[in-house]
Amino acid sequence: MKAAGIDVISFAAGEPDFNTPDPICQAAIDAIGSGFTKYTPTTGIGELKAAIVEKLRRQGLTYEPGQIVVSCGAKHSLFNALWVILEPGDEVIVFAPFWATYADQIRLCGGVPVVVETRAENGFIPRLEDLKAKVGMRTKAILLNSPCNPTGAVFPRSVLKEIATVAIRHDLWIVSDEIYERLCYDEPHTSIASLGREVQDRTVLINGVSKTYSMTGWRIGYMAAPAEVTKAVSCFQDQVTSNPTSFAQKGAVVALTLPDESVEPMRREFQERRDLALDELEKIPGLVLPQPQGAFYVLFGVEAYLGRQFKTDPELAEYLLEQACVALIPGSAFEGPGFLRLSYTASKANIVRGIERIADALKRLE
Ligand SMILES: Cc1ncc(COP(=O)(O)O)c(C=O)c1O
C-alpha cells in the first residue's frame, strides 16, 4: 500500500525508530578501516565478552567469560540454548501471549511448547497455580520474557521468585529473554538469575544490543549460562555459523560501555509515547486496555468489536489496514486471540493520527 502511495501509519514494527548512536557506528567503521574483517573466536572476541561480564556485574551477576557466548542476535542465542537443552519430546513452558518465535524454535528443536495463559485483568502477569498445573514429567524448561513482547508486562520480583521456586522444585532450566530490560517505565527490571546462586545455576540468560541501542540490523546477541550449556553451544555454533560478524562485535563493545544516560532519552521518549498511546486508546469505547510497563508495545483487547462483521482479530486487523490505513499485528500471532498489538515505534504525531483513524474505523462497526 505504501508503494502505491497510500499514507499507511505503521504500528507493526518490532524495532526502535532511532538511529544507532554515532560512537557505536564509528567503532564499526574504524574496525573495518583497520582490517578487522576476518574470523574471530567462535563465541565472540575477548573484549566483548569482558564488556558483557562487566555489564552483568553491574547488575549484581557474576559470570566468567567462558560462560558467555556471543551470537547473531538474541534470536540466535535463544535457538542455540533450546537446541542444546532439549531432547525430542521435552516440554517447555511458555507464558501466552508470547513472541511467536518461541513456540516455533521449541518445535524446531524437537520440543513441545506448553502454554500457560496469562490474563489481561492481571496485567498479563502469570499466576502460580496456572504454572503449577502445567508442569509435568516431560517439562524441561520454563521460558520467560520480561519485559514482554507483545504484552509489555514486567514481571515483579515476587512472581520471578515463584517461577524460580517451581524450577528448583522440578529441576527445570529457566530460559530468560531479557532483550527489553532497559525499556521499563514503572518498575525496574529484575533478572531472574539475580535471585540467588541456585537460580543462576539453572538459568540461561538471553540478551543483546538490538533494542537498547537500536542495533537490530547488527545481529549481536548473547547468552550467559552455566558452563555446561555454553560449552555445548560453543561446539554447536562452531559448526553452524562460526563467529558473529567481526566489526559488529566492535560496535557492541562500545554500546555496552556507553554510560547509562546515553540511552535514557530513548527510554524516556518511549515512556511518553506509551502514555500518549494509552490516553488516546482510552477514548475508544469497549477496548480492554491493561497498562504495559515495558518494551514498546500495547496489547489491547478488541472482543467488543468482534462477532458481527468480523469474527477474529486477524480479520479486524485487515479491516483496519484496508479501511483506516493503520497497520497493527493481530494478537493471534502471539497466541493472544481477541487482541491487537500496537507498537509505539512511531512519532507522537503519528500515534495520535493513527489512533484517531482506528477510533473512526471502529465507530463504523458499532
Ligand atoms: C522478545 C524478543 N526476543 C528477542 C528478539 C530478537 O532480538 P535480536 O534482534 O537480538 O535477535 C525480539 C525481537 O523482536 C523479541 O521481541
(request) Kindly indicate whether any position in segment 118-127 is within 28 Å of W218 (Cβ to Cβ), out of contact with any His (no Cβ under 9 Å at 6 or more places or on another chain) and either within 16 Å of the ligand (Cβ to nearest atom) or assigned to a loop (DSSP other than H, G, I, E, B) (or both). (result) no
(message) If I filter segment 329-342 for residues that are more than 20 Å from F124 (Cβ to Cβ), open to solvent by 30 Å² or more (accessible area, probe 1.4 Å) and either in contact (Cβ under 8 Å) with a residue 12 or more places away in the chain or basic (K, R) (or both), do I get at least one hit?
(response) no
(request) Looking only at segment 67-75, decide whether some residue is among the charged types (D, E, K, R), under 30 Å from M137 (Cβ atoms), out of contact with any Phe, Trp or Tyr (no Cβ under 7 Å at 6 or more places or on another chain) and open to solvent by 10 Å² or more (accessible area, probe 1.4 Å). (result) yes
(message) Condition first: in contact with a Ser or Thr (Cβ under 8 Å, 6 or more places away or on another chain), open to solvent by 10 Å² or more (accessible area, probe 1.4 Å), over 25 Å from P150 (Cβ atoms) and not basic (K, R). Can you find one or more residues in segment 250-269 that meet it?
(response) no
(request) Kindly indicate the residue of segment 202-227 that is surrounded by fewer than 24 Cβ atoms within 10 Å (Cβ to Cβ) and β-branched (V, I, T) and also farthest from the ligand (Cβ to nearest atom) among those meeting that condition. (result) T212
(message) Here is a list: V135, V175, V159, V116. Which entry is closer than 25 Å to E303 by Cβ and open to solvent by less than 60 Å² (accessible area, probe 1.4 Å)?
(response) V116
(request) Looking at (1) part of a helix (DSSP H, G or I); (2) open to solvent by 10 Å² or more (accessible area, probe 1.4 Å); (3) within 13 Å of the ligand (Cβ to nearest atom), find the lone condition where A12 falls short. (result) (1)
(message) Against the definition (closer than 30 Å to P23 by Cα and charged (D, E, K, R)), how does K250 come out, yes or no?
(response) yes
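For (1) more than 16 Å from the ligand (Cβ to nearest atom); (2) β-branched (V, I, T); (3) more than 17 Å from the chain's Cα centre (by Cα), each residue gets a yes or a no:
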position	(1), (2), (3)
S194	yes, no, yes
Q200	yes, no, yes
V229	yes, yes, yes
A232	yes, no, yes
P244	no, no, yes
L258	yes, no, yes
R267	yes, no, no
(request) Output yes when any residue across segment 35-54 is on the phi < 0 side of the Ramachandran plot, within 16 Å of the ligand (Cβ to nearest atom) and open to solvent by 20 Å² or more (accessible area, probe 1.4 Å), and no when none is. (result) no
(message) Could you check segment 252-305 and list, in sequence order, the residues that are in a loop (DSSP other than H, G, I, E, B), in contact (Cβ under 8 Å) with a residue 24 or more places away in the chain and more than 24 Å from I355 (Cβ to Cβ)?
(response) L258
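The values are calculated or read from the model by the stated rules, or taken from the named source; none is laboratory data. Keep in mind that what you see is a predicted model, and the values were worked out from it rather than measured. Here the Cβ is made from the backbone with ideal geometry for all residues, glycine too, and neighbour counts use every protein chain on show. When the accessible area is computed, the model is the full protein with side chains, heavy atoms only, and any ligands, DNA or RNA have been set aside. Shrake-Rupley method; radii C 1.70, N 1.55, O 1.52, S 1.80 Å.
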